[in-house]
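Taking it in order: structure first as structure tokens, then the write-up.
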Amino acid sequence: MFLNSWLWRSRHLSRSPLLLLRSRSIFLASSCTTELLASQNASEHQHSRKLPSTVPRIRPWWNVSWSSGYRNPSMEAEKKVASGEDSYGNESKQASSTEFLDFPGGKVSYINELQFLSESSPVRVPCFQLLDEYGQVAEHACLPEVDKLLAVKMYRNMVLLQTMDTLFYEAQRQGQFAFYLTTIGEEAINIASAAALSNDDIVYAQYREPGVLLWRGFSLNEFANQCFTNNLDYGKGRQMPVHYGSSKLNYPTVSSPIATQLPHAVGAAYALKMENNPACTVTFFGDGASSEGDFHAAMNFAAVLEVPVLFICRNNGFAISTPTAEQFKSDGVVAKGQAYGMRSIRVDGNDTLAMYATIKAARVMAISESRPILIEALTYRVGHHSTSDDSAKYRKQDEMQHWKMIRDPVFRFRRWLEGQRWWDPEADKQLRSESRKEVLAAIRSAGPLKKPSLSSLFTDVYDSVPSNLKHQEEEVRATVSRHWSDYPSDVPL
């Protein structure tokens with residue numbers, strides 16, 4: 001019955017010999033598959049195929065001259081089909097230019113052997129590095145254009161960020177504010193990325209990128225006001241500490257739920273594209289965020305809409321206590337870029353110059369070619385995930401010390417600066433002393449200030465406060481009046 005139906009459709013629905021050939025190929029493939037499965041056990045040793053001995057090497061994108069006209073990968077596939085090449089660019093012996101599926105997503109060549117794609121490449125994606133662990137320039141490395149003024153500014157910001165993290169963490173441990181998390185070990189990702197971007201670029205951060213704000217001019221007092229949630233806090237105490245934001249500096253307020261900022265960054269990038277605005281959006285996230293649906297939705301939308309957005313993943317090895325080995329089976333996060341048709345790169349996140357060169361080049365491509373770029377920065381979270389975490393319960397102490405002492409990005413960059421004769425131990429000692437005084441002064445200034453008023457809980461959402469919120473405010477005030485002794489004295493009514 002199936003055969004008769006197939007013959008009728010071939011004879012009456014099309015007079016195209018090509019379509020008939022395609023239909024027959026599909027039918028024969030089905031028959032061959034049945035026969036193959038029936039005889040598989042008897043001749044298993046004869047069908048144990050190996051991958052080709054010469055696997056084509058993937059050239060890193062920073063060494064490739066890309067065409068600004070490149071858009072849809074399926075177009076490249078069509079060219080290969082027409083020239084008789086397979087998916088790897090090798091000459092195909094199994095399909096001619098007429099034996100392909102003219103699928104709506106692009107032309108796909110046929111083969112007559114049952115083959116499955118490997119679950120992973122036999123070689124892991126390499127990591128781009130310019131400075132080794134001792135601050136020495138890697139052999140054959142081509143350094144970006146960084147003069148003394150820029151390099152010293154980057155280092156000063158890295159030291160200040162590290163000092164702020166250390167003292168703010170101690171302040172939280174003393175009970176001066178409720179919560180904190182540090183960027184210790186990830187200073188290069190923060191500062192080098194910020195230095196490579198324009199202040200017109202919109203940054204959708206997670207909660208471990210305060211260095212971007214610091215670089216753009218967010219003061220230590222503004223950081224302290226937010227953590228102490230006093231009446232100078234721009235968020236009026238509605239956000240947890242370290243959830244910073246600044247509309248003036250193109251840094252939307254951080255949101256606690258993981259990966260929610262990624263689709264927002266794509267939408268904003270689409271708006272920039274429609275306005276022909278020569279800027280891009282940038283979104284930071286951790287390796288754990290790649291397990292969220294928002295990550296995959298954002299990646300797909302960005303690739304399909306071809307918007308100028310940089311996805312910067314801080315792969316620090318752990319999503320709180322979950323190691324990357326339990327997060328994904330793929331070769332890190334960088335491998336996911338190609339699956340979505342997105343250009344991607346893996347970079348040493350503790351190498352300040354490599355991070356700077358990568359973000360600088362990625363930004364140019366994103367804007368000039370209107371395309372998304374995925375950057376996976378390999379690093380290590382030296383500190384605990386937050387003040388609510390004890391990482392010693394899931395990480396080895398010697399591992400943490402190794403990354404803190406040997407692979408510290410601040411120390412590595414300092415060694416390079418000293419090799420350039422742009423820095424010296426005396427200048428470093430003075431910088432650290434000044435940084436400590438500045439941070440302590442900000443803490444002392446922000447701590448005693450009063451909190452935002454109780455009424456601010458119900459404002460800034462509606463143009464005029466609706467009746468249900470007015471009723472809630474009345475209930476809160478009634479509760480406060482009944483339990484006056486339990487109400488904090490530094491929160492004005």
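The values are calculated or read from the model by the stated rules, or taken from the named source; none is laboratory data. Because the structure is a prediction, the values reported are computed rather than measured. Note that each Cβ is placed from the backbone with ideal geometry, even for glycine, and that neighbours are counted across all protein chains shown.
State the number of residues belonging to segment 389-417 that are closer than 22 Å to residue 211 by Cβ and either of a type outside the set (Lys, Arg) or assigned to a helix (DSSP H, G or I) (or both).
Of all residues in segment 389-417, those closer than 22 Å to residue 211 by Cβ come to 389, 391, 400, 403-417.
Keeping just the survivors that are either of a type outside the set (Lys, Arg) or assigned to a helix (DSSP H, G or I) (or both) gives 389, 391, 400, 403-406, 408-417.
The number of residues fulfilling the criteria is 17.
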Exercise. Of all residues in segment 345-377, how many are in a strand (DSSP E or B) and surrounded by fewer than 24 Cβ atoms within 10 Å (Cβ to Cβ)?
Worked result: 1
For this session: Report whether or not residue 467 is at pLDDT 95 or above, of a type in the set (S, T, N, Q) and surrounded by fewer than 11 Cβ atoms within 10 Å (Cβ to Cβ).
Result: yes
For this session: Please indicate, with yes or no, whether at least one residue in segment 323-340 is touching a strand residue (DSSP E or B) at 6+ places or on another chain (Cβ under 8 Å), assigned to a loop (DSSP other than H, G, I, E, B), surrounded by 18 or more Cβ atoms within 10 Å (Cβ to Cβ) and among the basic types (Lys, Arg).
Result: no
Seminar exercise, completed: From the option list 134, 88, 155, single residue qualifying as closer than 24 Å to residue 337 by Cα and either in a loop (DSSP other than H, G, I, E, B) or at pLDDT 95 or above (or both) is 88
Exercise. Which numbered condition trips up residue 183, out of (1) in contact (Cβ under 8 Å) with a residue 12 or more places away in the chain; (2) more than 23 Å from residue 442 (Cα to Cα)?
Worked result: (2)
For this session: Give me the pairs, please: first residue somewhere in segment 466-489 and free of Cβ contacts under 8 Å to residues at least 12 places away in the same chain, second residue anywhere and surrounded by 10 or more Cβ atoms within 10 Å (Cβ to Cβ) and in a helix (DSSP H, G or I), beta-carbon distance under 6 Å, and either six or more positions apart or on two chains.
Result: 469/458; 487/480
For this session: Just give me the residues in segment 231-278 being touching a Lys or Arg at 6+ places or on another chain (Cβ under 9 Å), part of a loop (DSSP other than H, G, I, E, B) and within 23 Å of residue 364 (Cα to Cα), in sequence order.
Result: 249, 250
For this session: Tell me which residues, restricted to segment 399-436, are closer than 18 Å to residue 382 by Cβ, among the acidic types (Asp, Glu) and over 29 Å from the mean Cα position of the chain (by Cα).
Result: none
For this session: Kindly list the number of the only condition in (1) in a loop (DSSP other than H, G, I, E, B); (2) out of contact with any Lys or Arg (no Cβ under 9 Å at 6 or more places or on another chain); (3) closer than 25 Å to residue 240 by Cα that fails for residue 464.
Result: (3)
